[in-house]
Amino acid sequence: MLTDTNPPQQRLLPLFHHAPMGMAETDAQGAILQVNPKAVQLMMPMAAGLGLPGDNLLDTLAGVVPSIRQTIADFEPDSGLIIEQELYPVRLATGAGPLDFYLSLTIEKVSPGSLLIFFSDVTSLPTRPDPFRQHP
Amino acid sequence: MNQPLTFSDLTVLDWLEVRTAEQLDDAPFGVVRMSRDGKVVAYCKSESHFTGISPDYAVGKYYFSQIAPCANNVMVAAKYAQPELDEELDYILTYVCDPVKVRLRLLKSPGSRYQYFLVNRKHID
């Protein structure tokens, strides 16, 4: 077994950096506190297509999932899963061309002031999106 | 050069083209010089200072897939498919886990052996 002498927090970094899924921690309003490269890769074209700066992830996601802020506001517990691997179609015109993909989204409230948001483009997954879980 | 080089200088590509990898460190903004197929040829010290990625590690790697995957999308990496490119845009780069607002300039010319990715952190608070 290989032994990594780096502190546990540092050993987590490659996992965070190379994860094939967007991962972000935001405050309750959506301002990004921590983010991995895949999240930025996915969110910036959406933000640009919406004319947003991209520093507030909930603002960006609300542009493609309009109900998202209300869903979060309606979640009363101090912590827990708010949205779990829901699929949403993204169709936006951007200066660099149209964006057209299926977004898989998970939002967990870890405290009243902190959200963990996981998202990915699942368009190319071999399984078709379940039509019963799609949101218009 | 009499005037100090600025990020939006119209002649910045000419300035970059005649600099050695070490001389790129003199630019008042981050510079990544890539081959036309996207491999890092030079990675300036100011960029290295912010990212923690050493020039030795970066050189020879595909920039958008191995060094800066946060810019590997239609807004940035895909633009280099054009034969000629000079575009500035506001963007967010990730440094360790922190989102950092930057101004990018994407540069490529048919007459150059290289393409460039410039990063200005002073433009945006």
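The values are calculated or read from the model by the stated rules, or taken from the named source; none is laboratory data. Since the model is a prediction, treat every value here as computed from it, not as a measurement. Neighbour counts are summed over all protein chains in view; Cβ atoms, including those assigned to glycine, are modelled from backbone coordinates with ideal geometry. To get the accessible areas, we keep the full protein, side chains included, count just its heavy atoms, and leave off ligands, DNA and RNA. Shrake-Rupley method; radii C 1.70, N 1.55, O 1.52, S 1.80 Å.
Can we say A:Gln41 is assigned to a helix (DSSP H, G or I), under 16 Å from the mean Cα position of the chain (by Cα) and without any contact (Cβ under 8 Å) to a residue 60 or more places away in the chain? So A:Gln41 passes the test. Within segment B:62-97, restricting attention to residues that are surrounded by 15 or more Cβ atoms within 10 Å (Cβ to Cβ) and part of a loop (DSSP other than H, G, I, E, B), the residue that is farthest from the chain's Cα centre (by Cα) is B:Cys97. Among the conditions (1) touching a Leu at 6+ places or on another chain (Cβ under 8 Å); (2) open to solvent by less than 20 Å² (accessible area, probe 1.4 Å); (3) under 20 Å from A:Pro37 (Cβ atoms); (4) of a type outside the set (D, E, K, R), B:Val100 misses just one, which is (2). Within segment A:83-99, residues that are away from chain B (no Cβ under 14 Å) have Cβ atoms under 6 Å from residues that are not in a strand (DSSP E or B) in these pairs: A:Leu87/A:Pro129; A:Leu87/A:Arg133; A:Tyr88/A:Val65; A:Tyr88/A:His135, counting only partners at least 6 apart in sequence or on another chain.
The set of residues in segment B:33-61 being open to solvent by 40 Å² or more (accessible area, probe 1.4 Å), in contact (Cβ under 8 Å) with a residue 60 or more places away in the chain and either part of a helix (DSSP H, G or I) or within 14 Å of another protein chain (Cβ to nearest Cβ) (or both) consists of B:Phe50 alone.
With the structure loaded, tell me whether A:Gly51 is surrounded by fewer than 13 Cβ atoms within 10 Å (Cβ to Cβ), farther than 24 Å from B:Ala81 by Cβ and within 14 Å of another protein chain (Cβ to nearest Cβ) or whether it fails that test. Yes: the conditions hold for A:Gly51.
Going by what's in this entry, would B:Tyr80 be described as closer than 19 Å to B:Ser8 by Cα, facing chain A (nearest Cβ under 10 Å) and of a type in the set (Phe, Trp, Tyr)? It is false that B:Tyr80 is closer than 19 Å to B:Ser8 by Cα, facing chain A (nearest Cβ under 10 Å) and of a type in the set (Phe, Trp, Tyr).
Per the conditions (1) β-branched (Val, Ile, Thr); (2) within 24 Å of B:Tyr95 (Cβ to Cβ); (3) more than 8 Å from chain B (Cβ to nearest Cβ), the sole criterion not satisfied by A:Val35 is (3). Screening segment A:57-70 for residues that are surrounded by 18 or more Cβ atoms within 10 Å (Cβ to Cβ) and outside any loop (DSSP other than H, G, I, E, B) and picking the one that is farthest from the other protein chains (Cβ to nearest Cβ) gives A:Ile68.
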